[in-house]
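Trainee: The following block contains the structure, expressed as structure tokens.
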Amino acid sequence: MADHSHLRGRRVLLIVSGGIAAYKTPELVRRLRERGCAVRCVLTDGGARFVTPLALQAVSEDTVYRDLWDLTDESEMGHIQLSRQADVLLVAPASANILAKMAHGLADDLASTVLLATDKPVLAAPAMNVRMYDHPATQANLATLAGRGVVLVGPNDGVMACGEYGPGRMSEPLELVDALADFFAARAARAPQATAPAPLAGRHALVTSGPTHEPIDPVRYIANRSSGKQGHAVAAALAELGARVTLVTGPVALPDPSGVETIKVETAAEMLAACRRALPADIVVAAAAVADWRVAEEAPRKLKKDGGPLPPLRLAENPDILATLATAGPDRPELVIGFAAETTDLVAYARAKLARKGCDWIVANDVSPATGTFGGDSNTVHLIRRDGGEEAWPPLPKAEVARRLARAVAARFAPAVPADPAAGTDTVQPGIPA
Ligand code: C5P
């Protein structure tokens, strides 16, 4: 029995090509998600004859990507991005046709283009009629692909949909789950063991950062002064401790942190949708300064200054992203951390906010104008935990606040984490920042 713990937090890009076995893929998606994988699907035209995009969308809780030429798909999630945002590609079922395209480098639809553009490992589960499987062309293609490092899973022997018997049945969903787990286990075993495992390895952290922009008309918006420096620093610090990090950020003038998947949004509604897509996660850090209100009806054209009455701005409340993510449910991350920017009664307000939003920890910071926190490079925070613990940290650069927070997160997931070597030889215990 494969060790399925290797699947936690993995991002699988499932490519479903045309074959009767495509009907098994919703089950495959469910089994992978049960084991902590995020699954995104690409469906070929042939695949869509056997399984509906709606079924895959429902079980993956993500968009199903179909068309290379669909401009919406290309701008929102180009074929390069689809591969970049995956840890592994799984082609299941892999028809004789898609195997031939892969072997010969054809790229005439989204699935084959992603497969040609990817630098990620590829597993393929062949499924076809026994004669097609036995054909020397298919066998030569399989040999070519295996020689290039594509991991072939199956096929199984059995009675086929066409009534014939022999090799060609796609491996069952649980066999494919095992194959993926074995693949990641083997890769972990090959990885150099000289260094201690990163304390947040295998954990997925979702971080929000920056302001949101709420459009008034095509040229104007409501915004706030958040620079995103603290949120971006938290994303980088969590990645440094080995977490896979998805950063969902509003508009900021900062580079994307390295080693972090950065998703750029403008409005609160887009930020919530991107966060939902990024689930499941083990850790959420909501550092974004989300606008509380949006303009209820964005003007389709630029509002004119024509000497008449001023245009009315009717506001509507934005969703509370932190409270939504902290709501109990099957996808609730284990540790949800909010920020509370206050100008008076810092700790009391922050504690009330922690309870109201249902988060586990809250980082309270004083943003009175005199502190220069908004837009500045340093921050003075209190870390408040739902179970009572409260720590006042001295004024620190935002990057250092981020590192301490990341170490506290790591300590929450593993009992003791060595402190930053540069800071000395002490050890961080839960609740005691270094
Ligand atoms: O209610 P307030 O804006 O003070 O709460 C701050 C915390 O809630 C921050 O963690 C912020 O990222 C989060 N928040 C959110 N969505 C909102 C408003 C705030 O995620 N609409």
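Trainee: First check a/c for segment 4-192, with a ≥ b ≥ c the square roots of the eigenvalues of its C-alpha gyration tensor; if it is under 1.5, answer rounded, and if not, answer prolate when a/b is larger than b/c or oblate otherwise.
Mentor: Rounded, since a/c falls under 1.5.
Trainee: A follow-up question, please. Show me, for segment 90-95, the HN-Hα J-couplings you get by feeding each phi into the Karplus relation (A = 6.51, B = -1.76, C = 1.60, θ = phi - 60°), rounded to Hz, glycine and proline as x.
Mentor: Listing the rounded values in order: 10, 9, 8, x, 9, 6 Hz.
Trainee: Rounded to the nearest 500, what is the chain's calculated 222 nm mean residue ellipticity when only DSSP H runs of at least 4 contribute -39500 (n - 2.57) each, over all residues?
Mentor: Calculated mean residue ellipticity at 222 nm is -9500 deg cm²/dmol.
Trainee: Rounded, prolate or oblate: pick one for segment 179-304, where a ≥ b ≥ c are the square roots of the eigenvalues of its C-alpha gyration tensor, a/c under 1.5 means rounded, and failing that, prolate if a/b is larger than b/c, else oblate.
Mentor: Judged from the Cα gyration tensor, segment 179-304 comes out prolate (a/c at least 1.5, a/b above b/c).
Trainee: Which of ALA179, VAL409, VAL122 sits farthest toward the positive end of the charge dipole of the chain, with +1 on the Cβ of Lys and Arg and -1 on the Cβ of Asp and Glu?
Mentor: It is VAL409, whose Cα lies furthest towards the positive end.
Trainee: For the chain, what does the relative contact order come out to in percent, with C-alpha contacts under 8 Å and a separation of six or more?
Mentor: 11 percent
Trainee: Rounded, prolate or oblate: which one fits segment 229-384, using the alpha carbon gyration tensor with axes a ≥ b ≥ c (rounded when a/c is under 1.5, else prolate when a/b beats b/c, else oblate)?
Mentor: prolate
Trainee: Might you report the magnitude of the Cβ-based charge dipole of segment 229-363 about its Cα centre, with Lys and Arg at +1 and Asp and Glu at -1, to the nearest 20 debye?
Mentor: So the dipole magnitude of segment 229-363 works out to roughly 380 debye.
Trainee: List the pair-distance distribution P(r) of the chain, using every Cα-Cα distance, as the percent of pairs falling in each 10 Å bin from 0 up to the bin containing the longest distance, rounded to whole percents.
Mentor: Spelled out per bin, shortest first, that is 4, 19, 26, 22, 16, 9, 3, 1, 0.
Trainee: Let me ask something additional. When the label point is put 7 Å from the Cα of ASN156 along its Cα-to-beta-carbon vector, which residues of segment 87-101 have a backbone N closer than 18 Å?
Mentor: 91-95
Trainee: Setting aside same-chain residues fewer than 8 positions from LYS353, which lysines have a Cα under 23 Å from its Cα?
Mentor: LYS229, LYS398
Trainee: On to the next question. Around THR262, which amide H atoms from residues at least 5 apart in sequence, or from another chain, sit under 5 Å from its own amide H, with H modelled in the peptide plane?
Mentor: Sorted by chain and number, the residues that satisfy this are LEU247.
Trainee: I'd like the Karplus ³J(HN,Hα) series for segment 59-65: coefficients 6.51, -1.76, 1.60, θ = phi - 60°, whole numbers in Hz, and an x wherever there's a Gly or Pro.
Mentor: Residue by residue, segment 59-65 yields 7, 8, 6, 8, 5, 9, 9 Hz.
Trainee: Using 0.36 nm per residue, how much length does the chain from ALA186 to SER368 gain when fully extended, once their Cα-Cα distance is taken away?
Mentor: Taking 0.36 nm per residue and subtracting the Cα distance, the gain is 60.3 nm.
Trainee: So, one more: Take every DSSP beta bridge with both residues inside the chain and express the antiparallel ones as a percent of the total, to the nearest 5.
Mentor: 35 percent
Trainee: For segment 19-72 and segment 185-262, what is the separation of their Cα centres, given in Å?
Mentor: One Cα centre to the other: 27 Å.
Trainee: Using Cβ counts within 10 Å as a stand-in for footprinting exposure, how do ASP62, ASP45 rank, fewest first?
Mentor: Ascending number of Cβ neighbours within 10 Å: ASP45, ASP62.
Trainee: Cross-link partners among aspartates and glutamates for LYS302, C-alpha distance below 16 Å, same-chain residues fewer than 8 apart left out?
Mentor: GLU214, ASP217
Trainee: Once phi is turned into ³J(HN,Hα) by the Karplus curve 6.51 cos²θ - 1.76 cosθ + 1.60 with θ = phi - 60°, what whole-Hz value does each residue of segment 203-219 show in order, with x for glycine and proline?
Mentor: 9, 10, 10, 10, 10, 9, 8, x, x, 10, 10, 10, x, 9, 8, x, 10
Each value in this text was obtained by applying a stated rule to the coordinates, not by laboratory testing. Predicted model only: the values in this text are computed from it and were never measured. So basically every Cβ, Gly included, is an ideal-geometry build from the backbone, and we count neighbours across all protein chains shown.
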